[in-house]
1. Report the full-extension gain for the segment Arg47 to Ala103: residue separation times 0.36 nm, less the Cα-Cα distance, to one decimal in nm.
2. What is the packing order of peptides 427-436, 202-211, taking the mean over residues of other C-beta atoms within 10 Å and listing the highest first?
3. Nearest 10 degrees is fine. How inclined is helix 452-461 to the longest principal axis of the chain, computing both from alpha carbons?
4. Sum -39500 (n - 2.57) across every DSSP H segment of at least 4 residues in the chain, then divide by the residue count to get the 222 nm mean residue ellipticity, nearest 500.
5. Please give the Cα centre distance for region 1-43 versus region 208-263, rounded to the nearest Å.
6. Let me make sure I get this right: for region 349-483, a, b and c are the square roots of the gyration tensor eigenvalues over alpha carbons, sorted descending. Under 1.5 in a/c it's rounded, otherwise prolate if a/b > b/c, else oblate. Which is it?
7. Any chance you could check the Cα centroid distance between region 459-488 and region 96-116 for me, in angstrom?
8. Helix 503-513 versus the longest principal axis of the chain: what angle, 0 to 90°, nearest 10, using Cα atoms?
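What follows draws every value from the coordinates through simple rules; no lab data is involved. Remember, it's a predicted structure, so these values are computed and weren't measured experimentally. Here the Cβ positions follow ideal geometry from the backbone for every residue, glycine too, while neighbour counts run over all protein chains shown.
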Amino acid sequence: MPSVLPVLTDWNRFYWTSGSEGRLRFHCCVACGALQHPPAPVCRNCRSDRLELAEVCGRGVVQSHTTNHQQWSADFPAPYTVAVVAIDEDPRVRVTTNIVGCAPERVHVGMRVRAVFDQIEDVWLPRFTPVDEPPTTLGDERAELARIRSVRPMPRLDKFEDRVAVTGIGMSRLGRKLMVDPVSLTVEAITTAVADAGLAMSDIDGLSTYPAGTADGGYSEGGVTAVETALGIRPSWHNGGPETPGATGSLIAAFLAVASGLCRHVVCFRTVWQSTYAELMRNSAPNGVPRRVSGIEEYLAPYGVQAANTVAMAASQHFARYGTTRETLGWIALNARANAALNPTAIYRTPLTMEQYLDARPISTPLGLFDCDPLCDGSVAVVVSAADAAADLPNPPVRVEAVGMQITERMEWDQGVLSHEPHVLGPAAHMWSRTTLRPADVDVAELYDGFTFNCLSWIEALGFCGIGEAKDFLDGGRSIALDGEIPVNTHGGQLSHGRTHGMGLVHEAITQLRGAAGPRQVGGAATAVVSSGGLTPGGVILFRVDQ
């Protein structure tokens, strides 16, 4: 069948061709003995550049896994099993792979496996198959979690957050398969946000977006270039890029620019049109020629790895470690749908029962249909202003209490802590280090929920319950309901409102802090936390209003 293969280069050929001899090889540091994967010019552990090739036995342990049931492309007929395997010689090194030679339902965390190789053209893909050995128990992760949650102290006591405020919000029409030019959606959102802030377009001197104009697949309208071309704003400062602290990293960049005095009023915007894009691409078909990829994708795409698979594998380890169940995730989905029923802009508003949730078709075990946010078309814009200017505008300013973005673990999702979504523990700890407020002081939590497990991971990372305690905390859904201990995703979240990649969460947080959420309003809401980042990197912002 057609496949996806890595581009062979002088620095990766040893890995992708070692299977021709039935061997598995990695870079090994001569100075400290650590294995390196993916290949790098220096050792991550001691930064020595003395690296040599080392042959390993090819055995390892399944750390996390998922069986993919969704047909993402013709290249990978479902079902197939994806797993993260820790290598015996250095368990810090993991490879993403397929498990072959056994039924998907037999695969489990702790399973012992060995490498086998599948030759496609000039590439030998290492896959793994079970061996008849006793399973390995997962080790205690508490020390590693403590390290990841240890962040640098504030370098100075005066905070840039104190010099900025959110003064306007806007949202375009939102829906599935709108078949509308995405720039039009962006202009709708920006025009609404600027008017909401009581500003004229000529007052806007900054533009900030994620992921910028280079993104494809319906993830962007064209970025700063497309928007400046349409509106003629001529910004003094602009920003756009994918490697920000989550999808709302455009806001954090705007906070910094305004606080530094580069500009006074920045429009941050995020547009998706994935639903229309998918419809336009529906009739395209593979040509039967293997596609070649490079960079981090070369270690994922050949195994059919999609975003749903990566989150599902994190969920599988959390399930194995802490006894989490599908019902645990179900309470997140049911809460989102109940809140969406009170929101006229939400895509899915019909009631959802636990029975319906559990009976829904599987996507990537343990995730089913209602664990996944729906593709949609829409745009959200937020105006960030200087604090001294905000006082003269019509809306009470929403203050920024603290942000969190510190990277404390590996950037590659399969090389860090596997029991959580990557890049939640570090950013959460970083945010709390920049404020005297604590989880009990938060009135509303708008937490990234591209998948239900994303939301669970943020709930634990932010300290609304302890690590591994989500099963009890979420049981029955009472703690996260509108009248619960910490109301979560009050507009329906991405799970029911629609996939707006974090900016919809910001829009709802500001709406709640203004007291303008109507029937879904949380009484007396004065603080709101917003997280974003479905994989890496991640970021979090704590907002407040003066009382």
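1. Working: separation 56, 0.36 × 56 = 20.16 nm, distance 4.15 nm.
Full-extension gain reported as 16.0 nm.
2. Working: 427-436: 20.4, 202-211: 23.3.
Sorting 427-436, 202-211 by mean packing, highest first, produces 202-211, 427-436.
3. That helix lies at roughly 80 degrees to the long axis.
4. Details: 14 runs with 131 residues, N = 547.
My calculation for the chain gives -7000 deg cm²/dmol from helical runs alone.
5. 36
6. On the way: a/c = 1.75, a/b = 1.40, b/c = 1.25.
Here region 349-483 falls in the prolate category.
7. Centre-to-centre (Cα) distance: 33 Å.
8. Rounded to the nearest ten degrees, it is 40.
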